[in-house]
Amino acid sequence: MAEDAIAHTIWIVNDDKAIAAITQLFATQVPFTYIADGHHRAASAAKVKKALGSKAPEEADYFLTTLFPSSQLHIMDYNRVVKDLNGHDETAFMEGLQKNFNCEGVGKTIYKPAHLHEFGMYLAGNWFKLTALPGTYTSDPIGVLDVTILSNNILDKLLGIKDQRTDNGLIL
């Protein structure tokens, strides 16, 4: 039992028949898996293996992972707080948003997005539901992500924030 009172169980699977059965199950029953954390490390490891080519050791063919069913996951909000509207007044900022988003005022109650390509925004004491308009994002694996839509269409285009890690316009 861990300090947080959550029990962790590890199963070692080293039987060739069990491994083949699990491999077949994933090939036929699990259409997708997603890397929620560590995707940069996974991409780097794949690049190193490719660069090594035939010199890569056999172990480079494997990747240690843990899988959880989506029913046991909870994706927490990751909010951005901006210092100012980059010279826009509230009206001009909202007009700029409407070029790429359907903007719906929802009042004083916190709005939490319920669907893909939806965003909640708090401005001047009110909450807004922003929904990205078709054509304002690409369908490639990075372009379709909400974080990319937010970054490209609001942070960069309207607020002039080019790098979220270093820009002083964001409070992280």
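The values are calculated or read from the model by the stated rules, or taken from the named source; none is laboratory data. Keep in mind it's a predicted model, so treat the numbers as computed, not measured. Here the Cβ is made from the backbone with ideal geometry for all residues, glycine too, and neighbour counts use every protein chain on show. Ligands, DNA and RNA are stripped out before the accessible areas are found, and what is left, the full protein with its side chains, is counted by its heavy atoms. Shrake-Rupley method; radii C 1.70, N 1.55, O 1.52, S 1.80 Å.
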*Condition met for N102 (open to solvent by less than 80 Å² (accessible area, probe 1.4 Å) and at pLDDT 95 or above)*: no
*Give the stretch 105-121 a look and list any residue that's open to solvent by less than 90 Å² (accessible area, probe 1.4 Å) and under 24 Å from the mean Cα position of the chain (by Cα), or say none.*
Y111, P113, A114, H117, E118, F119, G120, M121
*Restricting attention to the stretch 152-172, which residues are within 13 Å of N100 (Cβ to Cβ), in a loop (DSSP other than H, G, I, E, B) and open to solvent by 30 Å² or more (accessible area, probe 1.4 Å)?*
K157
*asked:* Looking at the stretch 3-27 only, could you name the residues that are modelled with pLDDT of 95 or more and either charged (D, E, K, R) or touching a strand residue (DSSP E or B) at 6+ places or on another chain (Cβ under 8 Å) (or both)?
replied: D15, D16, K17
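Mind checking which residues of the stretch 17-66 are assigned to a loop (DSSP other than H, G, I, E, B) and touching a Leu at 6+ places or on another chain (Cβ under 8 Å)? So that I can check it myself, show each step before the final result.
Residues of the stretch 17-66 assigned to a loop (DSSP other than H, G, I, E, B): 30-38, 56-57, 62-66.
Of everything in the stretch 17-66, those that are assigned to a loop (DSSP other than H, G, I, E, B) and touching a Leu at 6+ places or on another chain (Cβ under 8 Å) turn out to be T33, A36.
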*When both residues are 6+ apart or on different chains and their Cβ atoms are under 8 Å apart, which pairs have a first residue that lies in the stretch 9-23 and is touching a residue at least 24 places away in the same chain (Cβ under 8 Å), and a second that is in a helix (DSSP H, G or I) and among the aliphatic types (A, V, I, L, M)?*
none
*the stretch 34-82, subset of a type in the set (A, V, I, L, M, F, W, C) and in contact with a strand residue (DSSP E or B) (Cβ under 7 Å, 6 or more places away or on another chain), residue least open to solvent (accessible area, probe 1.4 Å)*: V82
*Determine whether the stretch 141-151 contains at least one residue that is buried (at least 18 other Cβ atoms within 10 Å of the Cβ) and over 27 Å from Y34 (Cα atoms).*
no
